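Following: one structure in structure tokens, then a few remarks.
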Amino acid sequence: MTDPDDFTRVPPNDHDAEQAYLGALLFAGRDARRVHQLVAPGDFYKPAHATIHNAAGLLIDRAEPIDPITVAAALQADGLLARVGGAPYLHHLIQTMPSVSSADWCAERLRSLTQRRGLIEAGQRIVDRAYDPASGEPSDLAEEAVALTRDVRDAGRAADDTPVTDMHDFLQVVDTYDWVVPGLLERGDRLILTAGEGGGKSVLLRQIAVAVAAGVNPFTIMPSEYGAQRVLVLDCENSAPQGRRHYRNLMNAAERARQPVKRGQLHIDVRPEGVDLTRGEGRAWLMRRVETVMPDLLVIGPIYQLHTGDPSSEDHARRVTTALNEARVTANCAMVMEAHAPHGNGFGPRSLRPAGSSLWMRWPEFGFGLRPVEDEKSAEEDRARRLVPWRGLRDERAFPQFLRQGERGSWPWVPYTPIDMDVRGYSSTGATG
């Protein structure tokens, strides 16, 4: 027996969110495939909206552009345009869109309401079965109720799950490193480099970019067995003239080392105003560049220039990492980023952890900070730095412990071993005593 009120209450839905999502989809441009995959047709309460979503999906699969005109043509060809409200309704959807970046919020809202409707439907079935005396034993009905609610919980995702693996089978797989820089970075790695103001981190990142594009180890400058790699630099802090001055010197250093960077190996885009990767426009800007170059190594930053919100916000940091992970996975590349260290408090050494959200401490595989060597003479004359890990390394790599300023006209940073390490307070592992 179903409660009569069930026929008078409208199932949870949000017409405005459905319209805003579809408007974002029709205006997403290169981001259309990602936006389209955020929801399924069943997530729409209004059938006409599911029809529009399906038509857009067919165009995406055919690599055709998505906009009100192309979608209207596709619906017209299938005799469905009038059913969804005609071409004027598609243009109306664009007008209801706050921004493309709203698509993620709208999609989450639609998925949540879909699950609520599923719970209501499952609950009604459970109630109807419980009231029916011929439906079976209560224990069997309880198991059936558990299965129904489990289906709502999994929302069809269980079919996509990979099976769990026995440990013996798991260890039978022989893994090999897919190096970008042998011994330092493999595809998929994320490295964040920090330092105080003027600490040399930007110089080191530029050196890494040029060296990898030239096909040499960025520290030893020895030729890599993997050869030159394609590198994309997205400088979100420095101006174009500043970038040219810095990179010209490094490109000349590679020439003098007889390891020149060939055309097509090193690409750069400068955006000193920064980019907001929490918004759709910013994510699209990033993905267009990554999809154009498909780099083996992506150098981007600094982190504080990658969004315009509260630097300490976990939510903002998570949205930025989601965009960066999409870029990293799309290109199957390693990623190196720059971050600023927080200001010191006057007590003890300055922290080298990234300023802002604590998420940046957890996200990368490798996190290093450049700290001046405690020997004041070395720090002043050689600009000596110690490469200090501020998080536990997730794998063993051959990063140097110490760097100093290179000879004029050569590479800016070169590795070295300090003399009298015990006097300076270092053990053989580089830890302070």
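The values are calculated or read from the model by the stated rules, or taken from the named source; none is laboratory data. This one's a predicted model, so the numbers in the text were calculated from it and none came from an experiment. Here the Cβ positions follow ideal geometry from the backbone for every residue, glycine too, while neighbour counts run over all protein chains shown.
Let me confirm something: among P349, P342, P311, which residue is surrounded by 14 or more Cβ atoms within 10 Å (Cβ to Cβ), farther than 28 Å from V180 by Cα and free of Cβ contacts under 8 Å to residues at least 24 places away in the same chain? Working first, answer last.
Details: P349 fails: surrounded by 14 or more Cβ atoms within 10 Å (Cβ to Cβ); P311 fails: free of Cβ contacts under 8 Å to residues at least 24 places away in the same chain.
Of the residues listed, the single one that is surrounded by 14 or more Cβ atoms within 10 Å (Cβ to Cβ), farther than 28 Å from V180 by Cα and free of Cβ contacts under 8 Å to residues at least 24 places away in the same chain is P342.
Within region 378-433, the set of residues being modelled with pLDDT under 50 and either part of a loop (DSSP other than H, G, I, E, B) or touching a Cys at 6+ places or on another chain (Cβ under 6 Å) (or both) comprises D420, G425, S427, S428, T429, G430, A431, G433. Would you say Y226 is at pLDDT 95 or above and aromatic (F, W, Y)? Spelling it out, it is not the case that Y226 is at pLDDT 95 or above and aromatic (F, W, Y). Considering only residues that are touching a strand residue (DSSP E or B) at 6+ places or on another chain (Cβ under 6 Å) and either at pLDDT below 90 or not assigned by TED's automatic domain parsing to the domain that holds G280 (or both), which ones fall in region 307-351? Within region 307-351, A341 is the sole residue that qualifies. When region 225-242 is limited to residues that are under 19 Å from the mean Cα position of the chain (by Cα) and among the hydrophobic types (A, V, I, L, M, F, W, C), the one that is farthest from P302 (Cα to Cα) turns out to be V231.
When the test is whether a residue is touching a Lys or Arg at 6+ places or on another chain (Cβ under 7 Å), assigned by TED's automatic domain parsing to the domain that holds V35 and crowded, with 16+ Cβ neighbours inside 10 Å, I60 passes it. Which of the residues spanning region 292-309 are part of a loop (DSSP other than H, G, I, E, B) and touching a helix residue (DSSP H, G or I) at 6+ places or on another chain (Cβ under 6 Å)? Matches in region 292-309: M294, P295, L306, H307, G309. The criterion of at least 1 residues that are within 20 Å of G409 (Cβ to Cβ), touching a residue at least 12 places away in the same chain (Cβ under 8 Å) and not charged (D, E, K, R) is met by the following strands (runs of 3 or more DSSP E) wholly inside region 165-282: 266-270. Of all residues in region 115-138, those that are closer than 22 Å to Y45 by Cβ and among the charged types (D, E, K, R) have Cβ atoms under 8 Å from Cβ atoms of residues that are surrounded by 15 or more Cβ atoms within 10 Å (Cβ to Cβ) and at pLDDT below 90, 6 or more apart or on another chain, in R125/L148. Filter region 91-144 down to the residues that are surrounded by 13 or more Cβ atoms within 10 Å (Cβ to Cβ) and either part of a loop (DSSP other than H, G, I, E, B) or not assigned by TED's automatic domain parsing to the domain that holds V35 (or both), then identify the one that is nearest to the chain's Cα centre (by Cα). Here the residue is S101. Taking helices (runs of 4 or more DSSP H) as the structural unit, those lying wholly within region 1-83 and holding at least 2 residues that are small (G, A, S) correspond to 15-26, 47-61, 68-77.
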